[in-house]
Every structure is written in C-alpha cells, then in structure tokens.
Ligand SMILES: C[S@@+](CC[C@H](N)C(=O)[O-])C[C@H]1O[C@@H](n2cnc3c(N)ncnc32)[C@H](O)[C@@H]1O
C-alpha cells in the first residue's frame with residue numbers, strides 16, 4: 001500500500017478495526033496506554049474545556065479526555081474511517097454520561113469552526129495523513145489562541161543508531177509476523193513504509209511553527225522509538 005493515499009488508508013483502518021486494540025496492546029506490551037497517559041498529563045485538560053481527539057480510531061483517548069473534562073467540557077472524536085468509529089461509539093455507550101461526540105471526517109478538512117477548541121490530541125494520526133503539514137495547519141485553525149495540542153507517534157531515530165536498528169528489526173520480525181496471524185500482515189507492513197516518509201522530530205517542530213504555532217517541542221519517548229510533539233497556539 002502506498003503511504004499518503006487517503007482512500008487506501010481509510011480502507012486499511014476499516015479492515016484492521018476489529019483487531020486493532022488487541023494488536024496494539026500485544027505489539028506495544030500495553031505501553032501505548034502509558035505513552036498516551038503521559039501525553040494527557042502533560043497537556044493537562046481541565047474541566048469545562050472543549051477538546052478534540054483527531055484520528056481518534058476506536059476512541060481510547062477521547063474517552064480518557066471526556067472523563068477529565070467533566071463538568072461542563074466535552075470532546076469530539078474525529079476519524080475518517082467508519083469501522084473504528086463504530087467501536088468507539090459502542091465503548092462510549094457503556095459510559096453514556098461522558099461528554100463525547102463522534103464525527104466521521106477528514107483531519108485535513110475538519111467540519112469544525114475556527115478556534116473552537118481549547119486543546120487537541122492526535123495519537124498515531126499525523127504519520128497517516130496524506131499531508132502532515134496541512135494537518136498541522138488545520139489543527140492550528142481549530143485551536144483557539146493559547147490552546148495546546150499533543151501529537152504522539154512513532155519517532156524516526158537517526159539511521160544507524162541502535163534505536164533505528166531495533167525499530168526496523170522489531171517492525172519486520174515481530175510486528176508483521178504477529179499481525180499476519182490476524183490476517184493483517186500487509187496492513188502492518190505499511191507502518192514501516194509510512195515511517196519512512198514521516199518527518200523526524202526537528203522537521204515536525206519546524207512544520208508546526210510554519211503552520212502558525214507559537215511554540216513547538218518534539219520529545220523522543222521510549223528510548224527514541226516514539227515521539228511526542230507538543231504545540232502551543
Ligand atoms: C493508527 S490509528 C490511531 C488511532 C488512535 N488514535 C490510537 O491511538 O489508537 C490512525 C487513525 O487515523 C485515522 N485517519 C487516517 N487518516 C485520517 C484523516 N485524513 N482524517 C481523519 N482520520 C484519519 C485512521 O482511520 C485511523 O483510525
């Protein structure tokens with residue numbers, strides 16, 4: 001599959017949706033939850049605020065946000081693919097008191113007003129966008145002045161480093177074989193391909209500044225395997 005092809009990416013996540021959460025837990029040894037928790041703590045969403053979870057998938061982050069935004073606040077979870085959103089909706093139905101809404105839409109062209117959000121999160125989404133720079137510009141548009149956002153994704157460690165060698169080996173020797181048991185080998189092979197075209201940390205910082213953010217800071221996590229881009233509007 002060609003990274004950057006929006007229709008193919010949507011199809012990929014529709015097909016992967018039923019196994020997505022289980023594979024995520026297995027392949028990261030549950031650590032994706034800790035990295036997401038770290039991002040939420042750092043961004044410190046407060047009761048009463050309006051937040052977005054962009055590329056929300058099956059909605060784990062949106063639900064975590066919604067629990068923190070009560071009373072008075074709320075979160076909109078946006079994803080391009082219908083199947084993960086359907087799982088997100090089933091999850092939120094188990095906690096109907098949570099202020100969360102799901103919207104099928106494109107993170108590059110959000111059906112949201114300018115400056116409507118106090119904050120936003122995007123986990124493992126930016127890398128999947130056809131144009132990450134345009135995604136950051138759209139994110140800037142929907143954040144109010146003074147708003148903040150966290151974007152968690154795989155990091156691209158400098159080539160030749162131990163982290164880069166480990167990451168490539170892990171993606172090829174563990175991720176793809178494990179995913180193939182769920183019939184998703186090609187879907188997860190796409191991960192390495194998408195990472196190849198993903199800007200590294202310093203380039204992400206520059207893209208965010210070019211998109212109009214006042215400040216941008218990219219921090220490697222998990223020994224450089226993951227990265228957290230934090231931006232301030
Ligand atoms: C790797 S998943 C991450 C899901 C979730 N945020 C998580 O951390 O588990 C990437 C998600 O981005 C969504 N996506 C990809 N391109 C998108 C776009 N242009 N607009 C909105 N969502 C998109 C996919 O459908 C998929 O659900």
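The values are calculated or read from the model by the stated rules, or taken from the named source; none is laboratory data. In this text the structure is predicted, and so the values were computed from the model without any measurement. With ideal geometry, Cβ positions are generated from the backbone for all residues, glycine too; neighbour counts draw on all protein chains shown.
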Across segment 93-127, which residue is surrounded by the most Cβ atoms within 10 Å (Cβ to Cβ) among those that are in a loop (DSSP other than H, G, I, E, B) and near the ligand (Cβ under 8 Å from one of its atoms)?
107
Residue under question is residue 132, and the condition is that it be in contact with a helix residue (DSSP H, G or I) (Cβ under 6 Å, 6 or more places away or on another chain) and either within 13 Å of residue 53 (Cα to Cα) or within 16 Å of the ligand (Cβ to nearest atom) (or both); does it hold?
yes
Kindly provide the set of residues from segment 13-29 that are within 13 Å of the ligand (Cβ to nearest atom) and either loosely packed, with under 13 Cβ neighbours inside 10 Å or farther than 19 Å from residue 80 by Cβ (or both), ordered by number.
22, 23, 25, 27, 28
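Report whether or not residue 130 is at pLDDT 90 or above and assigned to a helix (DSSP H, G or I).
It is false that residue 130 is at pLDDT 90 or above and assigned to a helix (DSSP H, G or I).
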Tell me which of these residue 199 doesn't satisfy, since it passes every other one: (1) touching a strand residue (DSSP E or B) at 6+ places or on another chain (Cβ under 9 Å); (2) outside any helix (DSSP H, G or I); (3) crowded, with 17+ Cβ neighbours inside 10 Å.
(1)
List the pairs whose first member sits in segment 7-28 and is at positive phi, whose second member is surrounded by fewer than 16 Cβ atoms within 10 Å (Cβ to Cβ), and whose Cβ atoms are under 9 Å apart, counting only residues at least 6 apart or on separate chains?
none
Take segment 32-84 and flag every residue that is on the phi > 0 side of the Ramachandran plot and within 16 Å of the ligand (Cβ to nearest atom).
55, 57, 59
Test: residue in segment 161-176 that is surrounded by 14 or more Cβ atoms within 10 Å (Cβ to Cβ) and not in a helix (DSSP H, G or I):
no
In segment 1-82, which helices (runs of 4 or more DSSP H) lie fully inside it and hold 3 or more residues that are under 16 Å from residue 226 (Cβ atoms)?
6-27, 31-43
How about segment 177-188: which of its residues are part of a helix (DSSP H, G or I) and touching a residue at least 40 places away in the same chain (Cβ under 8 Å)?
178, 179, 186, 187, 188
What's the total number of residues in segment 135-160 that are touching a helix residue (DSSP H, G or I) at 6+ places or on another chain (Cβ under 8 Å), outside any helix (DSSP H, G or I) and surrounded by 15 or more Cβ atoms within 10 Å (Cβ to Cβ)?
10
